[in-house]
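A.B. asks: Got a structure here, written out as structure tokens. Questions coming.
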Amino acid sequence: MVAEIINGKDLAQQIKDNMKNEVTELSKKGLVPHLTVVLVGNDPASRSYVNGKKKASAATGISSEIIELPESTSEKELLDTISTLNNSSAVHGILVQLPLPEHIAEQKVIEHIDPKKDVDGFHPVNIGRMMAGKDTFLPCTPFGIVTMLKSKNIPIAGQHVVIIGRSNIVGKPVGQLLLNESATVTYCHSKTKDLKKFTKMADILIVAIGKANVISADFIKPGAAVIDVGVNRLDNGSLTGDVEFEEAKEVASYITPVPKGVGPMTITMLLQNTIKAAKGLKLQ
Ligand code: GUN
């Protein structure tokens with residue numbers, strides 16, 4: 001079997017084309033969705049992600065601004081900046097790029113963002129709403145993964161999803177979203193014994209480890225759908241996922257590449273959340 005490749009870049013473009021129409025309609029009514037991204041410090045990877053968000057916003061007609069704060073910014077100064085954004089009716093979505101400098105408590109910052117503007121879906125109120133299966137801002141990478149699976153009509157209900165990685169940004173929430181879609185979910189992580197025993201059972205294998213090419217074909221059940229969330233830069237400068245793509249595609253039924261896989265979907269879901277924020281999330 002040779003897997004069908006789920007091209008996240010193309011899918012993201014289709015969704016962005018639709019969003020552009022929606023933003024045009026909203027703009028005619030005087031509502032231009034606005035995203036404010038806060039970047040603290042000089043991490044080059046963070047800067048590159050933030051620029052990507054700005055570019056994608058512009059391409060869909062969403063207004064965005066980046067507030068750049070120095071590495072030396074105190075926690076109080078950052079919280080004050082967020083308070084100002086929370087109180088500004090011109091700002092619909094707020095995203096504080098992570099990771100933050102070590103002297104700032106990340107969780108405190110996340111919890112300071114108004115849940116109605118939390119387009120990352122990281123605030124405990126929104127995590128709780130997601131767990132309860134209520135309408136809310138879904139974390140962008142998990143939301144993108146579910147959208148990719150659905151775009152190919154890959155069955156989820158009753159299927160065994162195995163996730164490697166338990167981060168708050170990807171692993172934990174993607175399991176929850178797929179549980180909401182009636183999947184059977186297994187979480188694996190760095191302490192899991194006999195990882196292969198679990199991955200071999202997966203109908204859908206989601207890999208979010210952060211180490212280049214560590215999942216080879218022998219971890220994959222023939223016919224499984226494989227979602228590779230890893231973004232690893234090799235010494236030669238090229239990007240690669242956590243999955244050994246060339247051999248895995250000979251075993252899987254569907255597979256996401258890196259680049260042009262999950263990455264472009266993540267930004268697109270952020271834009272979708274920003275439109276949702278502009279329209280006003282109803283917390284019922
Ligand atoms: N850093 C890496 N991924 C993310 C993300 O999805 N949101 C934010 N705010 N920071 C990140």
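The values are calculated or read from the model by the stated rules, or taken from the named source; none is laboratory data. In this text the structure is predicted, and so the values were computed from the model without any measurement. Note that we place each Cβ from the backbone using ideal geometry, even for glycine, and neighbour counts take in every protein chain shown. Accessible surface is based on the protein model in full, side chains and every heavy atom, while ligands, DNA and RNA are left aside. Shrake-Rupley method; radii C 1.70, N 1.55, O 1.52, S 1.80 Å.
A.B. asks: Could you pull out the residue among Thr147, Thr136, Thr141 that is part of a loop (DSSP other than H, G, I, E, B), among the hydroxyl-bearing types (Ser, Thr, Tyr) and either under 18 Å from the mean Cα position of the chain (by Cα) or within 11 Å of the ligand (Cβ to nearest atom) (or both)? Don't jump to the end; show me each part of the working.
C.D. replies: Numbers: Thr147 fails: part of a loop (DSSP other than H, G, I, E, B); Thr141 fails: part of a loop (DSSP other than H, G, I, E, B).
Answer to the selection: Thr136.
A.B. asks: Here is a list of conditions, (1) open to solvent by 30 Å² or more (accessible area, probe 1.4 Å); (2) within 14 Å of the ligand (Cβ to nearest atom); (3) farther than 27 Å from Asn232 by Cα, and Ile82 meets all of them except one; can you say which number that is?
C.D. replies: Result: Ile82 fails condition (1) only.
A.B. asks: Name the strands (runs of 3 or more DSSP E) wholly within region 173-284 that hold at least 1 residues that are touching a residue at least 24 places away in the same chain (Cβ under 8 Å) and open to solvent by 20 Å² or more (accessible area, probe 1.4 Å)?
C.D. replies: 184-188
A.B. asks: Can Glu111 be described as more than 16 Å from the ligand (Cβ to nearest atom) and open to solvent by 40 Å² or more (accessible area, probe 1.4 Å)?
C.D. replies: No.
A.B. asks: Which of (1) within 16 Å of the ligand (Cβ to nearest atom); (2) in contact with a His (Cβ under 9 Å, 6 or more places away or on another chain) is the odd one out, the single condition Pro124 does not satisfy?
C.D. replies: (2)
A.B. asks: When Ile163 is evaluated against the numbered criteria (1) surrounded by 14 or more Cβ atoms within 10 Å (Cβ to Cβ); (2) within 15 Å of the ligand (Cβ to nearest atom); (3) under 16 Å from the mean Cα position of the chain (by Cα), which criterion, by number, is the only one it fails?
C.D. replies: If we test Ile163 against (1) surrounded by 14 or more Cβ atoms within 10 Å (Cβ to Cβ); (2) within 15 Å of the ligand (Cβ to nearest atom); (3) under 16 Å from the mean Cα position of the chain (by Cα), just (2) comes out false.
A.B. asks: For region 121-141, check the following and say yes or no: at least one residue is open to solvent by less than 30 Å² (accessible area, probe 1.4 Å) and closer than 24 Å to Phe245 by Cα.
C.D. replies: Scanning region 121-141, I find at least one residue that is open to solvent by less than 30 Å² (accessible area, probe 1.4 Å) and closer than 24 Å to Phe245 by Cα, so the answer is yes.
A.B. asks: A further question on this structure: Out of the residues in region 6-50 meeting the condition of being free of Cβ contacts under 8 Å to residues at least 12 places away in the same chain and within 16 Å of the ligand (Cβ to nearest atom), tell me which one is most open to solvent (accessible area, probe 1.4 Å).
C.D. replies: Looking at residues that are free of Cβ contacts under 8 Å to residues at least 12 places away in the same chain and within 16 Å of the ligand (Cβ to nearest atom), I get Pro44.
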